[in-house]
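Inspection log for the structure reproduced underneath, given as structure tokens.
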Amino acid sequence: MRVLKWTGIVLGGLAGLLLLFGAFAYVAGGMKFNRTYTFAESPLPVRADSATRARGAHLVRTHACAECHGPDLGGKVLVDGMPFARIVAANLTAGRGGIGTGYRDADWERALRHGVNPQGRGLLIMPADLYTHLADDELGAMIAYLKTLPPVDNELPATELGLVGRMVATFNPLTMPELMTSPAGRPATAPPMGPTTAYGQYRTRTLCIACHGADLHGAPHPDPAGPYGPDLGVVRDWTLVQFATALRGGVTPDGRTLDPHWMPWPHFSHLYDEEVEAIYRYLQVLPPRTEAPVANR
Ligand code: HEC
Ligand code: HEC
């Protein structure tokens, strides 16, 4: 009897603690999710001529926006797993349910450069840690193009963190837009496009570092379920044709097919020859590892 009584007290106590912890995490995780960030607005040159828009279209295509926001950029639900989370990549057009109509240039800039929405909330999954390296002229060209997207009617639910998601958020770095204020070395204008190491280095910052590491010598995939982003030092031993086949066609010199879900080569298939060559040339002179090696998983 006594044992039963004590078991009851202990279990009851534990259940109470769990409930308390759940309530704490719900509030603490929710506060973290809803925390707002402000950034000084720095008006970008957004020109609306057709050459600028065409440049923007190419940048939007190669920067894989369609991977998450859908082929027509009409948005899609990326994670539908309540009570963990529902994460929705917004409809970027001016159709029904789209952000396009209400968005100002400064809102586009804030989302792409700092990873926060117009309300100031940090965006989940959205890879602003890459896009923050885009030079003013390129970001301006992308915005000019995004404002002309054909409208898509697609009303989507809002991004939400459930109890489990909030518990995880309580103890994990959830969003870090504060790290994206002004990356060192971001130029005001992009290096001229051409098969140069300068253009190649710049392009890897906006396209590759999120998965292959800041020094391109390897990093864990931003999606915890994804495979390790391998060391791009290996490319030093490849020919330009072999590199182009891997980057645009997803097949490595030793015949492996890269998984397009984790390595977005279908989007890189739109890169111009001179862009591929520029990245190749930069990888030929890639400086040695600067960060402590991250263990391969
Ligand atoms: C890896 C997936 C992914 C890629 C690639 C991606 N996005 Fe996003 N984006 C998201 C998600 C998810 C959200 C919503 C996150 C949230 O609500 O917390 C988002 C939000 C946004 C928002 C803010 C919408 C709002 O509600 O105010 C804009 C603007 C945006 N993305 C534009 C772009 C553009 C332009 C590109 C390409 C240059 C791009 N995204 C690439 C996943 C992605
Ligand atoms: C969203 C994450 C992501 C981005 C962005 C990305 N990669 Fe990858 N990459 C991967 C992953 C993961 C692999 C391994 C895939 C596999 O083995 O199926 C990979 C593999 C590769 C390989 C093959 C390496 C080998 O050892 O066989 C090359 C080359 C490569 N990436 C180059 C690039 C370049 C160049 C860029 C930028 C233009 C880039 N990647 C951008 C995730 C990414």
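Computed values, structure above
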| item | result |
| --- | --- |
| Residue in segment 31-50 that is within 19 Å of the chain's Cα centre (by Cα) and more than 30 Å from residue 171 (Cα to Cα) present | no |
| Pairs, first over 13 Å from residue 64 (Cα atoms) in segment 201-214, second surrounded by fewer than 20 Cβ atoms within 10 Å (Cβ to Cβ) and among the charged types (D, E, K, R), C-beta under 7 Å, six or more apart | 213/291; 214/291 |
| Filter result (within 11 Å of ligand 2 (Cβ to nearest atom) and either part of a helix (DSSP H, G or I) or not assigned by TED's automatic domain parsing to the domain that holds residue 246 (or both)) within segment 264-277 | 265, 267, 268, 275, 276 |
| Out of 21, 39, 33, sole residue that is outside any helix (DSSP H, G or I) and of a type in the set (A, V, I, L, M, F, W, C) | 39 |
| Qualifying residue in segment 71-91 (condition: more than 11 Å from ligand 1 (Cβ to nearest atom), more than 16 Å from residue 40 (Cβ to Cβ) and either among the basic types (Lys, Arg) or open to solvent by less than 10 Å² (accessible area, probe 1.4 Å) (or both)) | yes |
| Considering residues of segment 120-131 that are within 14 Å of ligand 2 (Cβ to nearest atom) and either open to solvent by less than 40 Å² (accessible area, probe 1.4 Å) or touching a His at 6+ places or on another chain (Cβ under 9 Å) (or both) only, the residue nearest to residue 208 (Cα to Cα) | 130 |
| Test for residue 204: is it open to solvent by 60 Å² or more (accessible area, probe 1.4 Å), under 21 Å from residue 131 (Cα atoms), of a type in the set (S, T, N, Q) and at pLDDT 95 or above | no |
| Among the candidates 227, 222, 191, 288, residue that is open to solvent by 50 Å² or more (accessible area, probe 1.4 Å) and either more than 7 Å from ligand 2 (Cβ to nearest atom) or free of Cβ contacts under 8 Å to residues at least 24 places away in the same chain (or both) | 288 |
| Residue that is nearest to the chain's Cα centre (by Cα), among those in segment 245-263 that are more than 23 Å from residue 287 (Cβ to Cβ) and outside any loop (DSSP other than H, G, I, E, B) | 248 |
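The values are calculated or read from the model by the stated rules, or taken from the named source; none is laboratory data. As the structure is a prediction and not an experimental result, all values here were calculated from the model. We place every Cβ from the backbone using ideal geometry, glycine too, and count neighbours over all the protein chains shown. The area values use the complete protein model at the heavy-atom level, side chains included, leaving out ligands, DNA and RNA. Shrake-Rupley method; radii C 1.70, N 1.55, O 1.52, S 1.80 Å.
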